[in-house]
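Here the structure comes first, spelled out in structure tokens, and everything after it is commentary.
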2 protein chains.
Amino acid sequence: MESPPTTTSYAILGLLALRSWTTYELTKQAQRSLRWFWPRAERKLYDEPKRLVTAGMATAVAAQTGRRRSTVYSITEVGRRELRRWLGEPSAPPTLEFEGMVKVFFADSGSLEQLRDTLRAIGEEAQRRFDELASRAVEALRGESAFPERIHLSHVGLAFHLEQERATIRWAEWASEQAAQWTTTADPGSWDAAAALRHIIAERL
Amino acid sequence: MESPPTTTSYAILGLLALRSWTTYELTKQAQRSLRWFWPRAERKLYDEPKRLVTAGMATAVAAQTGRRRSTVYSITEVGRRELRRWLGEPSAPPTLEFEGMVKVFFADSGSLEQLRDTLRAIGEEAQRRFDELASRAVEALRGESAFPERIHLSHVGLAFHLEQERATIRWAEWASEQAAQWTTTADPGSWDAAAALRHIIAERL
DNA sequence: CCGTCGATACTGCATAGGGCAGTATCCGGT
DNA sequence: ACCGGATACTGCCCTATGCAGTATCGACGG
């Protein structure tokens, strides 16, 4: 690895610390767990383990299923040490990419109907994600987790994401109610901005 | 523009729909407003308006301050139409990149102290962002906004982000309390996973 | 026994995006 | 006359995404 390891490198390294995986398994696992807080395209997850091997943080063992080759990656002692060290480093602030919110923010270039649809879609998507997380939680309660010895860590993660999605669902409902009082997207009419804002600020702290 | 416009293209187009800007002003404005839901590096914001011009959605006018050149970009009628059309299209689901959460998720490869520090840093960062958003809200209440006719839209956005940060602050506190009960990062000891999870699920819905 | 389909197991390529360094100029204050 | 901060960008290298393409394997149906 000529260039220094990225957060993605350490995310993959973290998965290798749990057990050895083929790249294919690694991509599936990343979809299941990492997706929520470190989403990466499958394509990238095929490159990253190779970099870890170059850096001495992982080893690759070629496997065979009939004529089909596959590669099993495992963490090395160097890798464990590096991972441990990284866990003590300061983190980059979280970043959110939210296309729906871009549409809400520029809603005055479109119609009230478009805004309503955007808000509904945001709420529905959040509900879908909430349900997925909730069913993951229920599975864990039934002991159907892949790493039962790690449920304390997946629980705190789950709690965060459930909170986020729930906040989004409630916000989308509130925003729809507000927008319903507007004359057009560019003119809120008699809608009381100050009252709405006071409500927002009072609600928290 | 040979390749089709991206969400970033439309985000810039949205800003141009408000008024004309030099690229420099555009980057500052994007830092202020778009950063919260569509963060992009300054570098990218210098390229994007050129693409809009190529696509016929904006025009560039060269300006001069003494010997220093600058470019003022404005939206075209085609641009307004395109923006309006885009507002009616379905959006990509939101994605979150949260390095701190990667560290929490893999905390069992490190020490309890590292986990405590990570959770504290997450909470502090969320508090900082909350304060920044809150002061933005207070400015708006005092009528110090750059686009007073658009406060209804910035308010709904502000409400969302305040909610998110507040949820993060509360979660970081809760997670710290949970972690304080664990023996090590790999062993929660007598900590009751099921109780914690029921608490999480009961809390919402 | 053969075809198909979904899962496994990748690679190449074009483009978007990030981060950092570098190059200027302008303006206000000391 | 000089300095520092704001204005106004560009080049370069690397990360990351998305999509298409190439195979093989195993199960199931006809």
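If one computes the Cα centroid of region A:51-89 and of region B:38-57, what distance in Å separates the two points?
Measuring centre to centre over Cα atoms gives 39 Å.
So, with +1 on the Cβ of K and R and -1 on the Cβ of D and E, and no other charges, what is the size of the charge dipole of the protein assembly as shown about its Cα centre, to the nearest 20 debye?
Using Cβ point charges on Lys, Arg, Asp and Glu, the protein assembly as shown gives about 1200 debye.
Note the buried accessible area between B and A here, summed over both chains, with a 1.4 Å probe, in Å² to the nearest 100.
By this definition, chains B and A bury close to 8300 Å².
Over chain B, consider all pairs of different Cα atoms and compute the Kirkwood hydrodynamic radius from their mean reciprocal separation; express it in Å, one decimal.
Result for chain B stands at 20.4 Å.
Suppose all protein chains stay in the model; what accessible area per residue would a 1.4 Å probe give for chain A, in Å²?
On a per-residue basis, chain A sits at 48 Å².
Where in chain A are the helices, taken as whole DSSP H runs, whose Cα atoms extend 30 angstrom or more along the long axis and whose Kyte-Doolittle mean reaches at least -1.0?
Both cut-offs are met by A:112-141, A:151-180.
Rounded to the nearest percent, how much of the accessible area of the protein assembly as shown (1.4 Å probe, protein heavy atoms only) is carbon and sulfur?
52
For region B:66-74, just list the computed ³J(HN,Hα) in residue order, Karplus coefficients 6.51, -1.76 and 1.60, θ = phi - 60°, integers in Hz, with x standing in for Gly and Pro.
Values per residue, Gly and Pro as x: x, 9, 8, 7, 8, 10, 9, 9, 9 Hz.
Would you please give the FRET efficiency between B:Gln181 and A:Ala63, computed as 1/(1 + (r/R0)^6) with r the Cβ-Cβ distance and R0 = 45 Å, to the nearest 0.05?
0.65
So if each residue of separation counts as 0.36 nm, and I subtract the Cα-Cα distance between B:Lys50 and B:Arg84, what length gain in nm does that give?
10.2 nm
Suppose every Lys and Arg Cβ carries +1 and every Asp and Glu Cβ carries -1, with no other charges. What dipole size does region A:3-146 come out with about its Cα centre, to the nearest 20 debye?
800
Give me, ordered by chain and number, the residues 5 or more places off B:Ser70 or on other chains with an amide H under 5 Å from its own placed amide H.
The answer is B:Ala63, B:Gln64, B:Thr65.
Please give, to one decimal in nm, the separation of the simple spin-label points placed at B:Asp192 and B:Arg35, each 7 Å out from Cα toward the Cβ.
About 4.4 nm, to one decimal.
What is the set of long-range amide H partners of B:Ala58 at a cut-off below 5 Å, with H atoms built 1.01 Å from backbone N?
Long-range HN contacts for B:Ala58: B:Val53, B:Thr76.
Which distance in Å, rounded to a whole number, links the C-alpha centroids of region A:134-205 and region B:140-205?
For region A:134-205 versus region B:140-205, the Cα centre distance is 9 Å.
Determine the alpha carbon to alpha carbon distance for each of A:Lys28/A:Lys103; B:Lys28/B:Lys50; A:Lys103/B:Lys44; A:Lys44/A:Lys103; A:Lys103/B:Lys50 and list only those over 24 Å.
Pairs exceeding 24 Å: A:Lys28/A:Lys103; A:Lys44/A:Lys103.
The values are calculated or read from the model by the stated rules, or taken from the named source; none is laboratory data. Since we're looking at a predicted model, the values are computed, not measured. We place every Cβ from the backbone using ideal geometry, glycine too, and count neighbours over all the protein chains shown. Quick note on the areas: whole protein, heavy atoms, side chains included, nothing else; ligands and nucleic acids left out. Shrake-Rupley method; radii C 1.70, N 1.55, O 1.52, S 1.80 Å.
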